């Protein structure tokens, strides 16, 4: 027999319901409470060992699209075993990398180190591991700073690729000396992390998201719990200010600390867009290329956090799926309505959909028709030569 509740227990239940409703409106309490892992997982930046093992098995078996994606990667100049790194003490990058004093060299060498690390793991050819080490050692011995207006963004782009490479080599290959590992860690801590960890609230959102992509990866490599937590906190505040959902209200939120809060300020910040729909990005009306940078970084950060035991995907899933779907729709050729960016879009989303599509569709079972069509059309996804590379290889259909 079910006993009737006492007045006191009913009062307690009512209070609990109110608390649940309030905390639910504020955001997922479980995810908020979960901090940096007690023990970091390695390799654990963008790709885990289980994911790498899945990829290796597919490539070894000659299965598509992974074999074609691997062949594309190996044929790239980034995988060249004759590559000579080009480190410099101060990398100076102005707007759009003008001036460009080491900007392209740094990004390309960081991507090459990651490419070589993937090639090593999949092929077990130690020449690739040694090449990755050569590149990482060359830069850690020389670089001291980033300069000029694009320094934070440049640091974010290169800083996203470096720890991906370093994690694979450090934890799956025995040939990287302790001296080399420690010097590389010092480089990340002293040259890269201070430039990015405090974010960039008033810039276009792809800046801060790319910076946090680098910050969380560096935090994992350094096993720095404080930096990890700060990167995740900044990420969680920025995503709702970058991708709009109708539940946000009549217009989007401004980035935390930006002072952007009136509708007029938001419209200006959103590049003149004054009609807001699910999945619209702060940079949609700027161009799809920069929007793609932001979407890629969002997926990268969530992927790294999930590997570390903090699954952020459930709380960003609606925003990310709508954003990928909306931009994929127009990238595929849909007619642009007059209310959207004045009826004209600058396309060029880039190879940025694989990680998010795999997380939301393959693992979470969310139907994503337009995103799937675009993702499959663009396979094998290559590199944007900034901080995105070989994501058909690493994440297509990857259940891990």
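Calculated mean residue ellipticity, 222 nm, the chain: -17500 deg cm²/dmol, from DSSP H runs (n ≥ 4) at -39500 (n - 2.57) each, averaged per residue and rounded to 500.
Values of log10 I(q)/I(0) for region 120-242 across q = 0.10, 0.15, 0.18, 0.21 Å⁻¹ run -0.32, -0.68, -0.91, -1.12, by the Debye formula with one identical scatterer at each alpha carbon and no solvent. Counted by neighbouring Cβ atoms within 10 Å, the residues 57, 123, 160 run from fewest to most as 57, 123, 160.
How far is helix 313-331 tilted, in degrees, relative to the longest principal axis of the Cα atoms in the chain, given as a value from 0 to 90 rounded to the nearest 10? Approximately 70 degrees, to the nearest ten.
Computed from Cα atoms, the angle from the helix 66-75 axis to the main principal axis of the chain rounds to 50 degrees. Translational diffusion of region 55-201 was estimated from the Stokes-Einstein equation, with Rh taken as the Kirkwood radius over Cα pairs; at 10 °C and 1.306 mPa s the coefficient is 101 µm²/s.
Taken as Cα centroids, region 332-374 and region 96-160 sit 29 Å apart, rounded to the nearest whole angstrom. Every Cα-Cα pair of region 251-400 was included, and the share exceeding 22 Å stands at 40 percent. If you count the DSSP beta bridges with both ends in the chain, what percent of them are antiparallel, to the nearest 5? The antiparallel fraction comes to roughly 65 percent. With only the Cα atoms considered, the chain has a convex hull volume of 172 Å³ per residue. Computed from label points 7 Å out along Cα-Cβ, the spacing between residue 287 and residue 226 is 3.9 nm. Axis angle, to the nearest 10 degrees, between helix 103-123 and the longest C-alpha principal axis of the chain: 90 degrees.
Since every read-out is calculated from the coordinates, none of them should be taken as a lab result. Note that the structure is a prediction, hence the values are computed from the model and not measured. FYI the Cβ positions are ideal-geometry reconstructions off the backbone, even for glycines, and counts take in every protein chain you see.
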